[in-house]
Structures are given as C-alpha cells and as structure tokens.
Amino acid sequence: MPKLDQLIQQFRSELGADFVSTDVVGMDGMSIAGGSIDPSFDSTEASARFAVVMKLAAKASDKIGMGAVDDNLVTTDKAYIIARFLGNGSYYWGVAVTRNATLGTVRMMMNEYADQIWDAIPR
Amino acid sequence: MSMHGNLRDVAIPDLIQLSCQDRKSACLKIEHLGEHAALYFRDGNMVHAVLGDNSGEEVLFYILGWEEGTFDLETGVQSPAITVTSSWSSLLLEGARRLDEERNKDNKLQSKKEIYTEVDSMAPKFDEILKEMSGEITGCIACALVGMDGINLASHTRVKNADPELMSAQGTMLLKLVDTAVDKLKAGQIEDDLVTTANAYMLMRFLPGKSYYLAMVADRKTGNLGNMRLIGKTYAERLAKAMPR
C-alpha cells in the first residue's frame, strides 16, 4: 500500500518531534499501516485495545443518543492519544503525540489527512 | 448477538450494568477456575442467577469478587426461572459492601457503605457545584459526579430529555476500558477522555484517586472544547476538595 504508507510518512514528518506513534487499524484490531518511534511502545497491542475502545464508544454514544462517534481523545501525563474513525467506520486511525504537542494543530492535521487516508485504503 | 471476553478487561459489575441498560433478554455465562455461573436479564433487570445447585442473589454476591476468568454474553435468551427480585443497582451496592467487609475484616478503615452514606449527605453540595459549573460550560447538556461503579453521586441537566444515569453508566464502562488500555500500554496516568460525536462532546475527567470522575456533555454546535477542558479541570479540583476524607 505505497500510497497509504506515503501519506503516513508525510503526516509523521509534519508532526515532527512530537510524534510518538500512528496506526491505521481495521475494526478487527489489526493494523494495516503505521509505526512508532518508541521501540518500547507495542503498537500491535495498542491497535487491538483501541479498536475495542472505539467499538464501546460507538455503542455508548448510540445508547445515549449522541450520534455517530468522530473521535476519542485520551489525555495522559505523558501523551495525547487520538483515535478517529475513517470513512464508513470500518477502520480507525490512531495517533499518539507527546504532551508538548499543540493539540488543536494535531486534530486539524488529522482532519486534513483523514479523507486521503480513507481513499488510500485498498477495498 | 453475543459478546465474549476476559474478566481482566471487563469486570462483572460492568457486564451487569451493560446487560441491564440494554433492556433485552440475555444470559451472561461466567467461568472462573472451573466454576460456571449464569446470570439472566430481562426488561432492564437481573432476574436469575445460578451456580451449580445454588441460585438467587447470594450467587451474585459470591461471583462479584471474581477478577479472573472469561465471560460469554448472549442476547435473546429467556430466563428459565426468577430467583432475583432486587434492582441491579441495589444488588451491586450490596455486593460492593460485602466485598469490602470481607477484604477489610481486620482493617480499622470505614466500610464502603459508611463511605457512601457520608458521601450521600454531601450530595446537595455537589449539586450546587455542578449547577454552577454547567452555567460556565458553553452549550452544556449535562454534567455529573460519578463513582467508578457507574452510579451518580450528583448530576445536573440543562436539557429536558437528557438521562444522566444512562450517560454515567455508559461513560463509566468506557472510561474503565480506556484506563485499562492506557495502563497496559504504559502510556502514563490517564487524566481525561474526550469523545467527539456528531451531536456532542463528552468529557470524563478523573478526580484524584480515580474512585470518581467528573462527566460533562456539551452540544457539538454550541460547545467549546477548550472551555470545557478548562472548566472541567477547575471544577474537578473543587469537587475533589469537597469530598469527605
């Protein structure tokens, strides 16, 4: 998937030093593209765990009548972790950045790249 | 429809809440060290619990302490009997109290029931704080102070059809799952979780100690994320100070 890998690489470059990890993940929890700069960060486990998170977020939102989920943002003392549904919701895109990152910029960039990433996923 | 998994990822009280909130007939089978229990649900409540030759509420209290094992939840299954008649929330409260008593037999600290009683008497104060907070959050729909058992200590809604109890129950399951994920990934200490949906922003922020969290829901069109996060941080600190020691 050269186009998808290229987009991911572009996104990583734009994020710069704040980048930690990114993955494009099917709702089966399997990553199809991405990577991490932190060798101790298990992106396989992260992809699987956050697939379950996104499924539960979607179910919870539906039950309380809040509509379809766009994204889920977790703030920890070390990082921001953003998981965003792509296209018809059959994939999500996860991004982890350091707490030094400007959150608004990261979300804006994800908005800009999301449609291109969805289009680049082979279907 | 069925769902299966491990009790390390989703606790039994959460599974019970999920099944009751769903309001469908369902059977939750749980296995723990060779023991097999089954809980049956109908119309938003638990109606039957069975483990071997035993059935009824005591089965539930026995299995609530299981932290290891697997579960299998299947909807559309009718209960073969009615052995449980108390409401699910009162059962979970009683179960939590019993677990605490068992764990702290020689401990001089207060039991969870005494803590709940003390916290319940603080409810009017929490209500005032939440009402004030909701006035400061742009586009606020509802806010609540919630225990990690999913039950509100206090809530305030600014929109007629908002259901803070349902929001809190669903939010708690999600926050627990996120907290577990962050912990397992060693991604630091979670501060808050924000879900953006087509209609709303839903922000959940832990109070210190992570036994309670502050939940805020704001309208997507009129709400402001920065405002919500700042107000949430300020009032979480204030609510933490108002907690009994």
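The values are calculated or read from the model by the stated rules, or taken from the named source; none is laboratory data. This is a predicted model, so every value here is computed, not measured. Note that each Cβ is placed from the backbone with ideal geometry, even for glycine, and that neighbours are counted across all protein chains shown.
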Which numbered condition residue B:231 misses (of (1) within 11 Å of chain A (Cβ to nearest Cβ); (2) closer than 12 Å to residue B:138 by Cβ) | (1)
Here, strands (runs of 3 or more DSSP E) confined to the range A:23-121 with at least 3 residues that are facing chain B (nearest Cβ under 10 Å) are A:69-76, A:79-86
The one condition residue B:217 fails out of (1) in contact with a Gly (Cβ under 6 Å, 6 or more places away or on another chain); (2) facing chain A (nearest Cβ under 10 Å) is (1)
The one condition in (1) closer than 20 Å to residue B:174 by Cα; (2) within 14 Å of chain A (Cβ to nearest Cβ) that residue B:75 fails to fulfil | (1)
Could you say which residue among B:59, B:10 is crowded, with 20+ Cβ neighbours inside 10 Å and assigned to a loop (DSSP other than H, G, I, E, B)?
-> B:10
Does residue A:123 satisfy being among the basic types (Lys, Arg) and closer than 19 Å to residue A:7 by Cβ?
-> yes
Residue B:199 facing chain A (nearest Cβ under 9 Å) and at pLDDT below 95 | yes
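Each row is one residue, and each column tells you yes or no for (1) over 18 Å from residue B:22 (Cα atoms); (2) at pLDDT below 80.
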| position | (1), (2) |
| --- | --- |
| B:73 | no, no |
| B:81 | yes, no |
| B:89 | no, no |
| B:96 | yes, no |
| B:104 | yes, yes |
| B:112 | yes, yes |
| B:115 | yes, yes |
| B:133 | yes, no |
Find all pairs meeting these conditions: Cβ atoms under 6 angstrom apart; at least six residues apart or on different chains; first residue within the range A:48-65 and more than 18 Å from residue B:203 (Cβ to Cβ); second residue surrounded by fewer than 19 Cβ atoms within 10 Å (Cβ to Cβ).
-> A:48/A:29; A:51/A:27; A:51/A:29
Considering only the range B:151-173, state which residues are among the polar types (S, T, N, Q) and more than 11 Å from chain A (Cβ to nearest Cβ).
-> B:152, B:155, B:157
